[in-house]
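A.B. asks: Here's a structure for you.
The values are calculated or read from the model by the stated rules, or taken from the named source; none is laboratory data. Keep in mind that this is a model prediction, so the values were computed, not measured. Glycine gets a Cβ as well: all are built from the backbone with ideal geometry, and neighbour counts include every protein chain shown. Heavy atoms of the whole protein, side chains included, go into the accessibility calculation; ligands, DNA and RNA do not. Shrake-Rupley method; radii C 1.70, N 1.55, O 1.52, S 1.80 Å.
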Amino acid sequence: MPSAALATPSVAVLKRVARSHNLTDETYRRIVKTLGRAPTLTEVGMFGVSWSEHCAYSSSKPYLQQFPTRGPRILVPAGKENAGVVDIGGGWAVVFKCESHNHPSAVEPVQGAATGVGGIIRDIFTMGARPIALLDSLRFGPLGEPRSRFLLEGVVKGIADYGNAVGVPTVGGEITFDAAYRDNPLVNVMCIGLVPVRRIARAAAGGVGNPVLYVGSSTGRDGLGGASFASRELAEGRDADRPAVQIGDPFTEKCLIEATLEALATGDVIGIQDMGAAGLACSTSETAARGGVGIEIDVARVPRRAEGMTPYEVMLSESQERMLLIVKRGREERVKRLFAKWGLAAVEIGRVTRDGLMRVRDGPAVAAEIPASALTDEAPVYHRPVRRPAWLSRAQRLPLARVPLPKDYARVLTTLLGSPTIADKSPVFEQYDHMVQTNTVVLPGRADAAVLRLRSGRRPERSRGAAVLRLRGLGRWLAATTDGNGRACFLDPYEGGKLAVAEAARNLVCVGARPLAVTDCLNFGSPQDPAVMWQFKACVRGIAEACRAFKTPVTGGNVSFYNEGPRGAVDPTPVIGMIGLIESGMGPMTANFKDEGDAVILLGETREELGGSEYLAVIHRRKAGRPPRVDLAGELALQQLMLTLAAQGLLKSAHDCSEGGLAVALAEGCLMEPSRLIGATVSLQPPAGARRPIRTDALLFGESAGRIVISCARYHVERIEHLAARHKVAMAVAGRVGGVHLCIDSWIDAPVDELSEAWRSGLRQALGVRR
């Protein structure tokens with residue numbers, strides 16, 4: 001029982017604090033029942049952040065169980081540790097995860113994005129893995145609006161400032177611009193690391209009497225209540241939310257990476273947890289609950305950088321670059337010296353107990369005493385009402401007779417290439433250091449997925465107790481991508497969920513990688529809206545079906561609800577992070593056409609599907625129709641064909657058809673390599689006697705799923721035809737590479753240099769950036 005020396009505020013005050021954490025009166029009564037008494041102020045805060053939507057997944061948990069999570073390469077059960085772990089052979093594993101930092105980035109974009117990067121990096125090295133790459137998936141409002149430009153510039157600066165300084169390259173990602181994100185941007189970041197399988201660290205406390213160490217930066221009032229802040233809608237006046245945004249220090253994080261990996265390599269650390277969302281409150285209770293033990297800490301020992309902090313503030317602070325370690329008794333001094341070598345504090349703040357309680361002392365007084373499992377395993381689960389949106393049927397109607405055909409298809413193509421969502425993203429990725437660590441094989445923007453050299457040619461060697469990765473060319477590469485399509489999910493969340501997974505897998509096979517596993521960031525509006533929960537349920541079902549079909553288990557991820565502003569919710573936006581292995585000796589493929597005379601081939605079938613397309617949004621200013629239907633069996637056959645073609649060395653380039661359709665994919669093949677623009681002559685006309693031809697704009701700019709544009713030497717065409725027939729994948733030899741124009745039948749005849757100028761200048765012009 002908490003000490004009487006620590007006064008318990010009135011019930012009215014406690015309920016007011018509970019409501020500030022988005023807890024209802026009913027939930028407050030549940031807390032009282034759990035404790036068998038009135039809670040202290042600190043306990044209300046700890047329940048508030050631990051039971052927040054951000055930490056407890058209260059509304060999403062019933063649906064996430066649909067995801068396939070097991071597979072022969074999966075080493076850690078989904079959701080049981082800080083990140084997913086996938087065996088890649090040779091005694092090594094990939095650790096990866098995707099997280100969101102949407103609300104903080106809407107309020108303070110530089111620090112919001114920077115601390116999002118710092119947090120996801122900590123999730124990776126907490127598992128004992130060295131972080132080797134970052135990818136980001138970003139969504140903003142139209143760049144014609146000053147606030148959208150402000151947010152984009154701030155978020156990119158935050159990612160660059162933190163990632164560059166900490167020494168982890170940002171190697172890929174995606175950016176989309178749409179009015180649905182004007183109030184609430186989406187900032188999702190994925191981090192990848194490598195770890196020897198025998199050195200995977202766990203986030204569970206153990207060993208009664210073992211010391212609990214606080215390591216890293218001191219604790220301040222920044223980020224106070226950040227988990228609760230992320231579990232409600234954004235208010236119109238955002239200044240009041242600024243204290244909930246954390247402040248990051250990448251140079252401290254760099255030291256923390258090295259010190260932590262060295263400490264883990266000694267074998268002295270039993271359990272480890274990042275102090276991320278909900279800070280000390282969650283890191284202590286989660287490690288205790290996972291280990292089936294209790295933890296007692298004294299907040300008076302916690303290093304602080306602000307005067308007069310209360311136990312409530314210390315437990316809920318989300319100050320950055322902090323970790324919690326459970327260390328073998330008798331080894332704590334050695335661990336402290338190791339962190340001191342890196343200029344970091346390492347302070348013993350408590351110990352492991354056998355009573356299963358999370359006990360917080362402030363000197364002699366007890367500020368909180370809660371069963372650890374009550375904060376984690378016993379968090380409320382809500383079965384929210386689900387209702388199909390009343391507006392959806394109207395939005396899905398798209399009478400094509402009312403969509404006029406363009407008079408100038410070349411002009412449409414040029415306009416699409418210059419639209420910010422499709423245009424060259426060099427103004428963004430040029431700010432990122434994508435070559436640090438020297439593992440980046442393909443430069444950003446040159447291929448459909450990021451490709452990293454796997455530096456694991458032999459067993460890990462030891463250097464001062466830490467693992468050193470010796471990369472001496474194993475002929476294998478790791479590929480990674482992030483993908484999502486909010487507009488498709490808005491119009492049909494089930495098909496949109498499937499589409500996100502299918503496009504991620506397509507991107508990987510376009511560089512020659514076999515898809516292995518998935519992490520996700522599921523970004524939605526308020527779960528208290530039955531229409532949002534219907535969207536969420538349908539998206540999850542689509543994602544789960546696609547992951548089962550492709551045998552790509554979900555290793556974990558993040559759910560971000562309450563992405564809403566004064567003008568409503570964001571489009572339902574599930575972002576899929578996927579990794580794959582390139583095991584052939586041919587090396588990764590890029591997207592650009594290579595040599596004069598090469599054949600241009602279209603794999604897959606084009607259907608009359610304009611719903612949800614970039615063409616419809618940019619040219620006709622419409623967000624309507626049904627998005628492309630995803631044939632999972634057909635997608636899988638296409639993946640298997642692509643892997644066969646890559647393994648046999650038959651391809652020179654590969655690029656999937658997505659935003660902007662086939663015409664944009666062909667144009668990008670001509671211009672993606674800035675040092676060597678090259679044209680192509682292509683015919684998309686169906687042969688005589690074929691079924692009714694589809695509309696020309698759908699043929700050129702429709703976004704039918706399951707299509708890839710490849711190029712190859714002419715003498716490989718017959719072999720590719722044979723393999724496509726064997727895999728039952730539609731194939732058409734569309735034309736040849738060469739010249740200085742992109743010519744598509746009689747519809748488009750455009751100089752490649754003009755298309756290149758439109759593509760390369762589109763985003764720069766929208767941002768007002770000079771070359």
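A.B. asks: In terms of solvent-accessible area of protein heavy atoms at a 1.4 angstrom probe, what is the ranking of 400, 641, highest value first? Intermediate results must be reported in sequence, preceding the final value.
C.D. replies: Details: 400 40, 641 0 Å².
Reading off the accessible areas and sorting them downward yields 400, 641.
A.B. asks: Using alpha carbons only, how many angstrom separate the centre of segment 158-201 from the centre of segment 244-282?
C.D. replies: 18
A.B. asks: What spacing in nm lies between the two simple spin-label points modelled at residue 386 and residue 306, each 7 Å away from Cα in the Cβ direction?
C.D. replies: If labels sit at residue 386 and residue 306, their model points lie 4.1 nm apart.
A.B. asks: What distance in nm separates the simple spin-label points at residue 648 and residue 408, each placed 7 Å from Cα in the Cβ direction?
C.D. replies: Simple spin-label model gives 4.4 nm for this pair.
A.B. asks: I've got another one for you. For residue 15, list the lysines whose Cα falls under 30 Å from its own Cα; do not include residues on the same chain fewer than 8 positions away.
C.D. replies: Within reach: 33, 61.
A.B. asks: I would also like to ask the following. Have a look at 553, 310, 698 and report the one farthest towards the positive end of the charge dipole of the chain, computed about the Cα centre with Cβ charges (Lys/Arg +1, Asp/Glu -1).
C.D. replies: Checked the options; the winner is 553.
A.B. asks: In terms of the Cα gyration tensor, with a ≥ b ≥ c the square roots of its eigenvalues, is segment 353-465 rounded because a/c is under 1.5, prolate because a/b exceeds b/c, or oblate? Don't skip to the answer; put the middle values down first.
C.D. replies: Working: a/c = 3.42, a/b = 1.40, b/c = 2.44.
Oblate is the answer for segment 353-465, as a/c is 1.5 or above yet b/c matches or exceeds a/b.
A.B. asks: Now a separate question. What is the angle, in °, between the Cα long axis of helix 146-166 and the longest principal axis of the Cα atoms in the chain? Nearest 10 is fine, range 0 to 90.
C.D. replies: 70
A.B. asks: Something else: Given H placed on each backbone N at 1.01 Å, which residues far from residue 357 in sequence or on other chains put an amide H within less than 5 Å of it?
C.D. replies: Amide H neighbours of residue 357, under 5 Å, 5+ apart: 294, 295, 372.
A.B. asks: Can you pull the three principal axis extents for the Cα set of segment 602-706, in Å, largest first?
C.D. replies: 41, 36, 30
A.B. asks: Another question about this same structure. For residue 92, list long-range residues whose amide hydrogen, built 1.01 Å from N in the peptide plane, is under 5 Å from its own amide hydrogen.
C.D. replies: Those qualifying (amide H under 5 Å, at least 5 residues apart or on another chain) are 197.
A.B. asks: Can you list the HN-Hα couplings for segment 422-430, worked out from phi with the Karplus curve (6.51, -1.76, 1.60; θ = phi - 60°), rounded to whole Hz and with x for Gly and Pro?
C.D. replies: 9, 4, 3, 9, 3, x, 8, 6, 5
A.B. asks: Between residue 278 and residues 5 or more places away or on another chain, which pairs have amide H atoms under 5 Å apart, with H built 1.01 Å from N, and which residues are they?
C.D. replies: The list, which skips near neighbours in sequence, is 226, 227.
A.B. asks: Could you work out how far the C-alpha centroid of segment 311-385 sits from that of segment 598-616, in angstrom?
C.D. replies: 54
A.B. asks: Same structure again: Could you tell me which residue out of 638, 684, 648 lies farthest along the dipole of segment 585-717 toward its positive end? Charges go on the beta carbon: Lys and Arg +1, Asp and Glu -1, centred on the Cα centre.
C.D. replies: Most positive-ward Cα: 684.
A.B. asks: Leaving ligands and nucleic acids out of the surface, order 537, 254 by accessible area at 1.4 Å, largest first. Each step should come with its number before you reach the end.
C.D. replies: Numbers: 537 95, 254 75 Å².
Greatest to least solvent exposure: 537, 254.
A.B. asks: For segment 384-395, what does the Karplus curve 6.51 cos²θ - 1.76 cosθ + 1.60, with θ = phi - 60°, yield as ³J(HN,Hα) per residue in whole Hz, taken in order and with x for Gly and Pro?
C.D. replies: Working through the residues one at a time gives 6, x, 10, 8, 4, x, 5, 7, 5, 4, 5, 5 Hz.
A.B. asks: Return the Rg/Rh ratio of the chain with Cα-based radii and a Kirkwood Rh. Before the final figure, lay out the partial values.
C.D. replies: Values: Rg = 26.4 Å, Rh = 26.8 Å.
Across the chain, the Cα-based Rg/Rh ratio is 0.99.
A.B. asks: Give me the distance in nm between label points sitting 7 Å out from Cα along the Cα-to-Cβ direction at residue 80 and residue 218, one decimal.
C.D. replies: A separation of 4.0 nm, rounded to one decimal place.
A.B. asks: Now, a different point. How big is segment 49-122 by the Kirkwood estimate over distinct Cα pairs, in Å? Walk me through the numbers before you get to the answer.
C.D. replies: Details: mean 1/r = 0.0685 Å⁻¹.
For segment 49-122, the Kirkwood estimate is 14.6 Å.
A.B. asks: Could you work out [θ]222 nm for the chain from helices alone, using -39500 (n - 2.57) per DSSP H run of at least four and dividing by all its residues? Round to the nearest 500 deg cm²/dmol. If you can, show how the numbers build up before the last one.
C.D. replies: Working: 26 runs with 266 residues, N = 771.
Roughly -10000 deg cm²/dmol at 222 nm, from the helical runs in the chain.
A.B. asks: Ranked by accessible surface with a 1.4 Å probe, highest first, in what order do 727, 722 come?
C.D. replies: Values: 727 40, 722 95 Å².
Heavy-atom accessible area, descending, gives 722, 727.
A.B. asks: Just to confirm the number: angle between the C-alpha axis of helix 279-291 and the first principal axis of the chain, 0 to 90 degrees, nearest 10?
C.D. replies: So the inclination is approximately 90 degrees.
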